[in-house]
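First up is the structure itself, then whatever we jot down about it.
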Amino acid sequence: MTPAVEADRLTHRYGRQEAVSELSFQVPESSIYAFLGPNGAGKTTTIKILMNLLRPSGGHAAVLGIPSSRLGPEGLQNIGYVSENQKLPESMTLDQLAAFCAPLYPKWDDSLCSTLVQRFDLPRRQKISSFSRGMKMKTAVVMSLAYRPRLLILDEPFSGLDPVVRDEIIEGMLEIAGRGEWSVLVSSHDLSEVENLADHVGFIRQGRMVVSEPLESLQRRFREVEVTLAQPCPQPQPWPAAWLRARISERVVRFVDSEYDEARTAERVHQLFDDAEAVASPMSLREIFVALAREERHGGTDA
Amino acid sequence: MRQALLIFKKDLRCLWPELIVLYAVLTVHTAYALRDSLEREEINQALNLPFVFLLTVLIVIGRLVQQDSLLGTRAFWQTRPIHPGSLLMAKVLSLACLLAAAFLSACAVLLTFGLSPDQFLTGLLDALLPQLNLITVSVLLAAVTPNLPTYVAAWLGMQIAMLLTQDLGNFVARIPRVTDYTREFVWQVSVLFPGLLLVAHQYWTRRTRWTLAGSIIAFFGVVFTPSLWPWELGEVFLPNVSREVQARLRGAAPDGAFLALRESGGEMLIRAAPEILRPLPGSDFTVGMAGELQVDASTRASLSGPSVRIDAGGILDALPGFHWAGGRSTTAPPLQMETAGPAAFDDLVEKPGSLRGEIHGRVYGYRLAGAVRVEAGVRLDKGWATALVRSVSREGPQVKVVLRSRQIQVGRQDREFPRVVLANSARKEVVAGTSQTRSSSTYSGGLVSAFRRVAQDRVLLFPAEENEGGLLLDDRWLAEAELVFLEPVQKGWFETKIHISDFRTRDITFDPKARSAWVN
C-alpha cells in the first residue's frame, strides 16, 4: 500500500543553515501521524516541502504517490492543509469563501460543510477579518475538510488556541475521520495537543528525525526503569546505548529504556548489577518526548 | 477559464471598496474633463485629480496582486487546487476591466470634445502601450513586495531609479535615422516584453526571488547593454539624403551674432540635405548635437562643478527655421555634448579648448495639401487640422483678415501636422507660421497614466495680435493669396561633423555672413 506521505533523505537549507537534514519517514495510509518537535526543529519546513511550497535541497518526498515537487492542482484536490501561518481571504465571509472553494473540488460536500460550520458555531455572513484566532482556525479546518480529502496536513493547528477551541476542532476532525479512509499528518510542539489523537509518531529535532514509528510500538518500547541495588555499585562504563537519561545514586539506578523488553531488560540489569530489582513503568508520550529531547541535547546521561 | 472567472469574481468581491473609489475618481475626473478648460484646470490644480487617479490605480493593482500573493508560502491559493495560469488569467481580466473603463471614459470625453472615433481611436490605442508598461511594472513590483506600503515604497524607488538612470542608458537614443516616435515605441516595447515574460514567470513558478533578480537584470539588460554596445546600431527607416559640403568659419562678427572663431580658422564638415541647403520658407527641422569638448588642464579645473554648462545649440539657433528638440548639457570635462539647452557658452567665456561635434536631425520637405481662397467663412480641413477665415474686412487702405486654425493631437502619433500659411504664389511670398499657440481643450488622463496627454486641441492664432487677432494686408496682395496647407513629408536625415580646435570661447559668435557657407 502506498504511504500517504513518504520522505526520503529530505534536506532543506536556508542559505548556509540546514533546516531539515536527511529526513526520512512515512505516514501510512489511514493513519494519524503526529509530527512532533520543539520550535525551530524543521516541522514547518518539512510540511512546506510536502506541499510544494518549498523545493528541497536534497532527497525527495511524495504525497499520495505524487512527488512533492510536482504536486499541482490535481493532487491538491485530495489534500487538506491547515496552518497557523496561512492567510485566509479575510475580506470574504465564510459563505463567500465556501462558494469560492466549492467549485475547486469535485468532491466538495455542501452538507458536510454546513454540518461543520454548525458544529464549530461559525457565523456565515460575517467577514473573516472580524473572526477571532480560534474562529479563523476553525474556518480553515472547515475549508480543508468539506471535500473529504484523502490526506489532511495540519501545521501547528492548535498553536495559541484555548483548550476549549482545540478540543472542539479535534472532536470535529475525529468525527469526520470516523466516516472515511483518510490520513492525517499533524505537526505540533505540544504533545498534549495530539497525544490522544495520533496513532503514529515522529520526533524531529534540529532537522533530524529522532524516531518515527507507531505510537503503540513506541509506548511499548519505552519504559522508565528504576533499579534498586542491594548495595552501592560503581557506574557502569559505558551505559548501554538503549538506556536514556541513565543515572545512579547510592542504591538506585534510573533510566529510560528505549528498547524495552521485560526479559531482555532484566537480563541486562543483572549483567551490570549483581543483586538488583528492576521495576518498569509505562511512559506517556510527553515523557518519551522529553527523554528523547534531553538525550539529543545532552548526548547521553544526566549523571 | 472557469477557474479564472471564479478568481475574478472573488477579486471583485474582495476589492469592491477600492474599485468603488477608483471608479468614483474616474467619474469625477471624466466629468471635470468635460467642463470648460479654465474651470477644469482650476479643479485639477485644487484636487490634483490625475495624481489621485494614478495613485488609486496603483493601489488597486497592488491590492489585486497581493490579494493572492506570490511572495512567501502563506497565501491561501498556494495550497488550493488553483492553476497558476488561471490565477494570471483572472488578474489579467481584472486589469483589462480597469483599462476598459478608463478607455471608455476617455472615449466619452473625446466624443464630447467633438472628435469622431476615427479621429481618436488609433491615438488612444497608441496611448495604451505606455500604460500597459505602467501596469506590467506595477504588477511586477506588487508581486515581489509583501504588502501595500512596501509596494508603494518600491514603486517610488523605481521612479527615482528611472530618473537617475534615464540619461545613462537610454539606448534608443543611439538608434540613428529613426523618428522620435519610433524611438519611443522601441523603448516601450523593450521594457514591456521582458516585463510580461517576468510576470508570466512569476505566476508560473512563484519564484519571486528569481523574478526580482530577473527584473533587475532585465532592466539593466534593456537599459544598459545596448548602450554599451560598441558598434553602431542599425541605421534604418530613413534614407540618408545628405551630401557633404564644407564650411569655413569666419572671424568674429562685430554685431555679436552667435558662432564664429577668431584666429583659429576652424572648419566644419557638414553633411546636409538638399532641403537644408535651400530651406523653404517656414520649413522645420528637428536637430540634435553630439560631441565632445576637450579643454586643457588649467581650464579643466575651472570648468569642474555643476554650474558649467556647454551648449552647442547656439550654433544652430542662428539658422532660421531650426528648432532644438531640447536636451541636456554636461558639467564635467571631458564634456560629452549631446543636445542643447537655452544658454550658450556663457560659462566658457575666455576658456581655451577644442570642439568636436556632430549635428544630426531630420529633414522635411513640404507639399501642398490644400488651398482655399481667402473669403470670410471659408474653411479648410485636412485630417485633424482645420483652418478658418473668420472675417475679411476693409480698414482704411488695407484689408484686415482674421484667421483661426485648429489642430487636434491625439496620443503620441508619428504624425506631422500641416502648416497653415497665407501664401501669395504670384509674388512668391508667404505669411508663415503662427505667433501663439493656445491649448484650449487639453485632456490629460484617460487611461491609467494621468500624466500622458491623450488629446490636445490646439488653436493657433496668426500673428498681428496688435490688430486684434487680424492681419492687415494690401488688398491687391490678398487678391492673389490663398490659405494653404503645407503638409510636411519626411525626406531623410542629416548629420554634421564639427571639429574646431584651439579656440577661445570669448569670440565664439556666429557671423551671419557665414551662413552663406551653410547654404551654398
Tell me, which residue of the stretch A:87-109 that is in contact with a strand residue (DSSP E or B) (Cβ under 8 Å, 6 or more places away or on another chain) and assigned to a loop (DSSP other than H, G, I, E, B) is nearest to the other protein chains (Cβ to nearest Cβ)? A:S91
Would the stretch A:43-53 turn up any residue that is more than 27 Å from A:R208 (Cα to Cα) and either within 14 Å of chain B (Cβ to nearest Cβ) or under 16 Å from the mean Cα position of the chain (by Cα) (or both)? no
Test: A:C113 is within 12 Å of chain B (Cβ to nearest Cβ) and surrounded by 19 or more Cβ atoms within 10 Å (Cβ to Cβ): no
Considering the stretch A:54-64 alone, what residues qualify as being assigned to a strand (DSSP E or B) and away from every other protein chain (no Cβ under 12 Å)? A:G58, A:G59, A:H60, A:A61, A:A62
Every residue in the stretch A:65-74 that is buried (at least 20 other Cβ atoms within 10 Å of the Cβ) and either facing chain B (nearest Cβ under 8 Å) or assigned to a loop (DSSP other than H, G, I, E, B) (or both), please. A:L71
Looking only at the stretch A:15-37, count how many residues are in contact (Cβ under 8 Å) with a residue 24 or more places away in the chain and surrounded by fewer than 16 Cβ atoms within 10 Å (Cβ to Cβ). 3
Residue, surrounded by the most Cβ atoms within 10 Å (Cβ to Cβ), within the stretch B:373-389, restricted to residues that are among the basic types (K, R) and in contact (Cβ under 8 Å) with a residue 60 or more places away in the chain: B:K382
Boolean, A:A41 is out of contact with any Ser or Thr (no Cβ under 8 Å at 6 or more places or on another chain), in contact (Cβ under 8 Å) with a residue 24 or more places away in the chain, closer than 30 Å to A:V290 by Cβ and not in a helix (DSSP H, G or I): yes
Is it true that A:A7 is more than 22 Å from A:L161 (Cβ to Cβ) and more than 13 Å from chain B (Cβ to nearest Cβ)? yes
Complete set of residues in the stretch A:73-120 that are within 21 Å of B:P84 (Cβ to Cβ) and charged (D, E, K, R): A:E74, A:K87
Condition check: in contact (Cβ under 8 Å) with a residue 60 or more places away in the chain and either in contact with a strand residue (DSSP E or B) (Cβ under 8 Å, 6 or more places away or on another chain) or within 30 Å of A:P103 (Cβ to Cβ) (or both). Does B:V65 satisfy that? yes
Anything in the stretch A:277-288 that is out of contact with any Phe, Trp or Tyr (no Cβ under 7 Å at 6 or more places or on another chain), assigned to a strand (DSSP E or B), within 30 Å of A:D190 (Cβ to Cβ) and of a type in the set (A, V, I, L, M)? List them, or say none. A:V279
When (1) small (G, A, S); (2) more than 13 Å from B:L58 (Cβ to Cβ); (3) at pLDDT 85 or above; (4) under 23 Å from the mean Cα position of the chain (by Cα) are applied to B:S138, the one that fails is (2)
For the stretch B:88-112, what are the residues that are of a type outside the set (A, V, I, L, M) and over 18 Å from B:V28 (Cβ atoms)? B:K91, B:S94, B:C97
Between a first residue in the stretch B:1-25 that is at the interface with another protein chain (Cβ under 10 Å from one of its Cβ atoms) and in a helix (DSSP H, G or I) and a second residue that is among the aromatic types (F, W, Y) and surrounded by 14 or more Cβ atoms within 10 Å (Cβ to Cβ), which pairs have beta carbons less than 7 Å apart while being 6 or more apart in sequence or on different chains? B:L6/A:F100; B:K10/A:F100
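Matching residues to (1) surrounded by fewer than 22 Cβ atoms within 10 Å (Cβ to Cβ); (2) more than 17 Å from the chain's Cα centre (by Cα); (3) within 29 Å of A:A7 (Cα to Cα):
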| position | (1), (2), (3) |
| --- | --- |
| A:I128 | yes, yes, no |
| A:G160 | yes, no, yes |
| A:V164 | yes, yes, no |
| A:L191 | yes, no, yes |
| A:V194 | no, no, yes |
| A:A198 | no, no, yes |
Is there a residue in the stretch A:208-216 that is of a type in the set (S, T, Y) and surrounded by fewer than 19 Cβ atoms within 10 Å (Cβ to Cβ)? no
Can you tell me which of (1) farther than 24 Å from A:N39 by Cβ; (2) surrounded by 15 or more Cβ atoms within 10 Å (Cβ to Cβ) is the one A:L285 doesn't meet? (1)
Considering the stretch B:70-85 alone, what residues qualify as being facing chain A (nearest Cβ under 8 Å) and either assigned to a loop (DSSP other than H, G, I, E, B) or more than 25 Å from A:E74 (Cβ to Cβ) (or both)? B:T73, B:R74, B:R80, B:P81, B:I82, B:H83
Which of the following residues is more than 14 Å from every other protein chain (Cβ to nearest Cβ), within 19 Å of B:Y203 (Cβ to Cβ), under 22 Å from the mean Cα position of the chain (by Cα) and buried (at least 17 other Cβ atoms within 10 Å of the Cβ): B:L132, B:L98? B:L132
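The values are calculated or read from the model by the stated rules, or taken from the named source; none is laboratory data. Since this is a predicted model, take the numbers as computed values, not measurements. Note that each Cβ is placed from the backbone with ideal geometry, even for glycine, and that neighbours are counted across all protein chains shown.
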